[in-house]
Amino acid sequence: MGKRVGMEVAIASAEAAALCKFDVASVYPITPQSHVAEHLSDIVADGRVDASFITVESEHSALSSAMGASATGARVVTATSSQGLLFMGEVMPITSAMRLPIVMIIANRAVSGPINIWNDHSDIMPMRDTGWISFFADNGQEVVDMVIQAFKVGEDRRVMLPVNVNMDGFQLTHVVEPIIMPDQEEVDRFLPPYKPYAALHPDNCVSMGTLGMPEFYTEAQKSKDVALVNSIKVVCEVWKEWEQQFGRKYEPIQTYRTEDAEIALVTMGSMGETAEIAVDELRREGVKVGLLKIKLWRPFPFDDLKKAIKGIKVLAVTDRACSFGGPGGPVFSEIRSALYDVPKKPKVVNYLIGLGGRDVSVENFMDMVRRAAKGKLKEPYEFYGVRG
Amino acid sequence: MIEKKGPETWQEINPGCMVFRKGSASEYHTGSWRAKRPLWENEKCIKCGVCYIYCPEGCITEQQDGFFDANLDYCKGCGICAHECWPGAIKMVNEEE
């Protein structure tokens, strides 16, 4: 049942893609994703996977050529971060509109300016509405598992959508973690070879990326939305299957000690593990606190959220990105809106934390819980720990 | 409005809006955008075919007599043929004329 290894998480994410026997990797390097790009290139150069590595001049070209390759029926992986993801932004909605199941490994990093290479989620948040499935990993093991799951979900005939796997830059990418690396035959059993719905080939007639006039555009958008909304069933099904085969459980919203909780933290990504320790500490003091870790950001798991908040009086939602001039962080506004029609809904407060790589400690999380207990902060959203 | 064959409901949209019918783009008559059309004066034409080569729409073809003409279903009236025609055999005339 796999081999326990000590491996840098960025390298492990590329190894996970190799286990999926990708046909094409099209990647442009950018900190803190560079080790993913380098290692994918190594894997291809060493002949470990029968694949092509496309060296491109930019991220825009990386995703564009990835789409070209995917349109021929290839299994394609790409990876990026921060400004690179923003540069891919022009292509992102086309990838999903063309229903090409590319898997993108994202090393989440703050967006400039000021120039900052460290971790937060301000790169992926502007990509929220591009029609991709978005996974968020807590740790190295989840990164490896989610990369493999992503191919299975995206390539499912009921889905046919691109998937991005988000791992926090540096906090995950540059950390050596103990990881159970699945065996090749286990992955082969889990992930069948990719059979595309349609592929560009001289013998087959198909037009992709066609023009959509005003009389068809609305129908095209509705069809894409329905595909993304319905994909949650397949995500859960694939996660169930993963649990049965590999013994590790995945849920759209993973709860931690929420059984009798009156207050709960909400996190996305690697800070969930720090928050868990804070919950343990507070529980020792007798505070009825729990934690909600969002693993599936798109499609948003509305039903899972409604189940998870039962009995909770206050939700302290943490965001790793700002929505300048908006109602609060993107996760906060999503959750508050999702709860609008719920009769017994908790109060929701918002902390913007860990921006541009700022450390967030166990004590910080404990402080957030204590101050959120009243159900109201001084401001609609608080830049946690801001000086001045 | 030009009559087009296409999906009526969102359920009928193929995944990725893929089109499996051959040559379906030819059903879209882009010539309807045109404000000006090219007019050949065959007495000035030397049958060099420069208009045919430069037409970005590929709608100019050689006729049986060796002179050239545009398929007005697809000609957008861009005027590149008239601009490139060095003997000056092509004039762009307003559609309403």
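The values are calculated or read from the model by the stated rules, or taken from the named source; none is laboratory data. None of these values were measured; they are calculated from a predicted model. Neighbour counts are summed over all protein chains in view; Cβ atoms, including those assigned to glycine, are modelled from backbone coordinates with ideal geometry.
Looking across the stretch A:79-115 at every residue that is under 17 Å from A:H35 (Cα atoms) and of a type in the set (G, A, S), the one that is surrounded by the fewest Cβ atoms within 10 Å (Cβ to Cβ) is identified as A:G84.
The single condition among (1) more than 21 Å from the chain's Cα centre (by Cα); (2) more than 14 Å from every other protein chain (Cβ to nearest Cβ) that B:A35 does not satisfy is (1).
Which one is farthest from A:L100 (Cα to Cα), of the residues in the stretch A:142-169 that are out of contact with any helix residue (DSSP H, G or I) (no Cβ under 7 Å at 6 or more places or on another chain) and of a type in the set (A, V, I, L, M, F, W, C)?
Per the stated criteria, the residue is A:M146.
Checking the stretch B:5-18 against the condition returns a match, with at least one residue being within 14 Å of chain A (Cβ to nearest Cβ) and out of contact with any helix residue (DSSP H, G or I) (no Cβ under 9 Å at 6 or more places or on another chain).
Within the stretch B:71-89, is even one residue of a type in the set (V, I, T) and either within 30 Å of A:R157 (Cβ to Cβ) or modelled with pLDDT of 95 or more (or both)? Yes, the stretch B:71-89 contains a residue that is of a type in the set (V, I, T) and either within 30 Å of A:R157 (Cβ to Cβ) or modelled with pLDDT of 95 or more (or both).
Taking the condition touching a Phe, Trp or Tyr at 6+ places or on another chain (Cβ under 8 Å), on the phi < 0 side of the Ramachandran plot and within 14 Å of chain B (Cβ to nearest Cβ), does A:R157 pass? Answer is yes for this residue. Report yes if A:V289 is touching a His at 6+ places or on another chain (Cβ under 9 Å) and not assigned by TED's automatic domain parsing to the domain that holds A:V175, otherwise no. Taking the combined requirement at face value, the residue does not satisfy it. Sub-8 Å Cβ pairs linking a first residue in the stretch A:150-168 that is assigned by TED's automatic domain parsing to the domain that holds A:I94 and outside any strand (DSSP E or B) to a second residue that is at pLDDT 95 or above and of a type in the set (F, W, Y), at least 6 apart or interchain, are A:A150/A:F135; A:F151/A:Y194; A:K152/A:F190; A:E155/A:Y194; A:R157/A:Y197; A:M160/A:Y197; A:L161/A:W132; A:P162/A:W132, ordered by first then second residue. Against the numbered list (1) buried (at least 24 other Cβ atoms within 10 Å of the Cβ); (2) of a type in the set (S, T, N, Q); (3) assigned to a helix (DSSP H, G or I); (4) within 15 Å of the chain's Cα centre (by Cα), A:Q141 comes up short only at (1).
Given the structure, is A:P178 outside any strand (DSSP E or B), surrounded by fewer than 16 Cβ atoms within 10 Å (Cβ to Cβ) and away from every other protein chain (no Cβ under 14 Å)? Judged against the criteria, A:P178 is not a match. Within the bounds of the stretch A:175-186, is there any residue that is over 20 Å from the mean Cα position of the chain (by Cα) and farther than 22 Å from A:E142 by Cα? Checking the stretch A:175-186: not a single residue is over 20 Å from the mean Cα position of the chain (by Cα) and farther than 22 Å from A:E142 by Cα.
Would you check if B:T61 is at pLDDT below 95 and of a type in the set (S, T, Y)?
no
Here B:R21 clears all of (1) more than 14 Å from chain A (Cβ to nearest Cβ); (2) without any contact (Cβ under 8 Å) to a residue 12 or more places away in the chain except the condition numbered (1). Is there a residue in the stretch A:69-77 that is within 20 Å of A:W132 (Cβ to Cβ), buried (at least 19 other Cβ atoms within 10 Å of the Cβ) and out of contact with any strand residue (DSSP E or B) (no Cβ under 8 Å at 6 or more places or on another chain)? Within the stretch A:69-77, one or more residues are within 20 Å of A:W132 (Cβ to Cβ), buried (at least 19 other Cβ atoms within 10 Å of the Cβ) and out of contact with any strand residue (DSSP E or B) (no Cβ under 8 Å at 6 or more places or on another chain). Pairing residues of the stretch A:98-113 that are modelled with pLDDT of 95 or more with residues that are of a type in the set (K, R) and surrounded by 24 or more Cβ atoms within 10 Å (Cβ to Cβ), at Cβ distances under 6 Å and at least 6 apart in sequence or on separate chains, gives no pairs at all. Sort out for me the helices (runs of 4 or more DSSP H) sitting completely within the stretch A:5-114 that have 1 or more residues that are touching a Cys at 6+ places or on another chain (Cβ under 8 Å). Because the criterion is at least 1 residues that are touching a Cys at 6+ places or on another chain (Cβ under 8 Å), the helices (runs of 4 or more DSSP H) in the stretch A:5-114 that meet it are A:92-97.
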